[in-house]
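One structure is given below, encoded as structure tokens.
The values are calculated or read from the model by the stated rules, or taken from the named source; none is laboratory data. As the structure is a computational prediction, the values presented were derived from the model and not from experiment. Quick reminder, even Gly has a Cβ in these numbers, built from the backbone with ideal geometry, and neighbours come from all protein chains shown.
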Amino acid sequence: MRRYSAGLLFLGLLTIVVGVNAHAPSGAIFTTVEDGTEVNYNHYASKYHVYLDGGPGPGAPQHAAGLDDGRYVFQVTDPSGRRLLSQDNAACRQFDVVAGVISQYVVVAGCDPANHDTGLDIDHNAVTVQLMPYLDTPNNGGVYKAWAVRVEDFLAGCAALGVPNGLNVVDCGNAAGNKHGFVPAHSKTDNFKVKLNAPIREIDTRFFYDLDGNGWKSWGEEWIDGLQITWVDPLGGSNKKSSYLNTALDINHEAHVEAIEDGVHLIKIEAQPGCTPSTIRVAGYFLPQLGPQTVSINIPAKMKEGTIFVDVACVVQ
């Protein structure tokens, strides 16, 4: 998504190879409006407009995995995860996944029936779940973080914080590596904004067929849609993003990570059907390592707005 420029003034670049979130569920979560329609830049006019959806994710290829089947808990926090913003007991924040998508919001006795409205998305006829009620974020940029984790992992996370049944309380507590019972390595996360005229910060990954082998997208070389990256946020939560085209939302063959917070973000680039990665450039600068790798991008507080492009040259088979 092409809005602003950002050079290496804003980047601390590091190329590493890591095992990313082996215990996190497959697939992706993402915020939408009630009917599953994607919102430009994950930027909403009201907290009431934000719904949670899940599955393969926007632009995902047909072979992409949905969420692992089972029961999940969700929460809303500030970007750091320190402040739990969700206001009802965790038992009231559950949903089920069947066949890779959200199949139902779990109705529990004692929960306010006025909370967590539901809808149906236009892509998979999956259920969408309203995130309200949650408090305003303390983040000056209006950024929130949505989380989802399997119930069994949530209960284990709460037990580690000394709470025997986390479903019975609003907040299990907070510790390093355990955000209110949500261990980032076990969780799916996605960021969104609720603030008028807020600046845009994002990381967009693009893939292209490198016909001439020079590492640059030359005339006649095509962008590739339907390729995936794994984004790992500064806390260690992860999510899948796919490259696709939606000109109405200014998405131009990109796997876009939006409303990014300060800190180090990882973009994991793997070999996959349709692309064997070769040369990779970040903000126009070639990385020294070729091939599949995990790129580390530091977003400092002084970067108020901008788009960091990660361009991946794919070897032609």
remark   = C275 vs (1) over 30 Å from R82 (Cβ atoms); (2) without any contact (Cβ under 8 Å) to a residue 40 or more places away in the chain: all pass except (2)
Subset of the stretch 150-196 (residues that are part of a strand (DSSP E or B), under 19 Å from the mean Cα position of the chain (by Cα) and either surrounded by fewer than 16 Cβ atoms within 10 Å (Cβ to Cβ) or hydrophobic (A, V, I, L, M, F, W, C) (or both)) = F182, F192, V194
key: Residues being in a loop (DSSP other than H, G, I, E, B) and hydrophobic (A, V, I, L, M, F, W, C) - total across the stretch 130-146   = 3
remark   = Note: among A24, A45, just one is more than 20 Å from Y105 (Cβ to Cβ), among the hydrophobic types (A, V, I, L, M, F, W, C) and within 14 Å of the chain's Cα centre (by Cα), namely A24
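Yes/no per residue for (1) assigned by TED's automatic domain parsing to the domain that holds E222; (2) crowded, with 20+ Cβ neighbours inside 10 Å; (3) farther than 20 Å from A259 by Cα:
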site: T276; (1), (2), (3): yes, no, yes
site: T279; (1), (2), (3): yes, no, yes
site: V282; (1), (2), (3): yes, yes, no
site: F286; (1), (2), (3): yes, no, yes
site: G291; (1), (2), (3): yes, no, yes
site: S296; (1), (2), (3): yes, no, no
site: P300; (1), (2), (3): yes, no, no
site: I308; (1), (2), (3): yes, yes, no
site: D311; (1), (2), (3): yes, yes, no
query = Which one of these does H256 not meet: (1) under 14 Å from P58 (Cβ atoms); (2) surrounded by fewer than 20 Cβ atoms within 10 Å (Cβ to Cβ)?
reply = (2)
remark   = Of R82, R2, the only residue that is modelled with pLDDT of 90 or more, within 21 Å of I260 (Cβ to Cβ), of a type in the set (D, E, K, R) and part of a loop (DSSP other than H, G, I, E, B) is R82
query = Looking at (1) free of Cβ contacts under 8 Å to residues at least 40 places away in the same chain; (2) closer than 18 Å to V315 by Cβ, can you tell me which one G263 breaks?
reply = (2)
task = Would you mention how many residues in the stretch 109-129 are part of a loop (DSSP other than H, G, I, E, B) and touching a strand residue (DSSP E or B) at 6+ places or on another chain (Cβ under 7 Å)?
result = 5
query = (1) over 21 Å from T31 (Cβ atoms); (2) surrounded by 16 or more Cβ atoms within 10 Å (Cβ to Cβ); (3) not basic (K, R): which one isn't true of N214, the others all being true?
reply = (2)
task = Only residues that are charged (D, E, K, R) and free of Cβ contacts under 8 Å to residues at least 24 places away in the same chain: list them for the stretch 209-258, please.
result = D212, E221, E222
query = Between a first residue in the stretch 169-181 that is in the same structural domain as C111 (by TED's automatic domain parsing) and on the phi > 0 side of the Ramachandran plot and a second residue that is at pLDDT 95 or above and of a type in the set (S, T, Y), which pairs have beta carbons less than 9 Å apart while being 6 or more apart in sequence or on different chains?
reply = H180/T77; H180/S86
message = If I filter the stretch 248-259 for residues that are outside the structural domain of A64 (by TED's automatic domain parsing) and within 28 Å of N89 (Cα to Cα), do I get at least one hit?
response = yes
query = Within the stretch 75-101, can you find the residues that are on the phi > 0 side of the Ramachandran plot and touching a residue at least 60 places away in the same chain (Cβ under 8 Å)?
reply = G81, G100
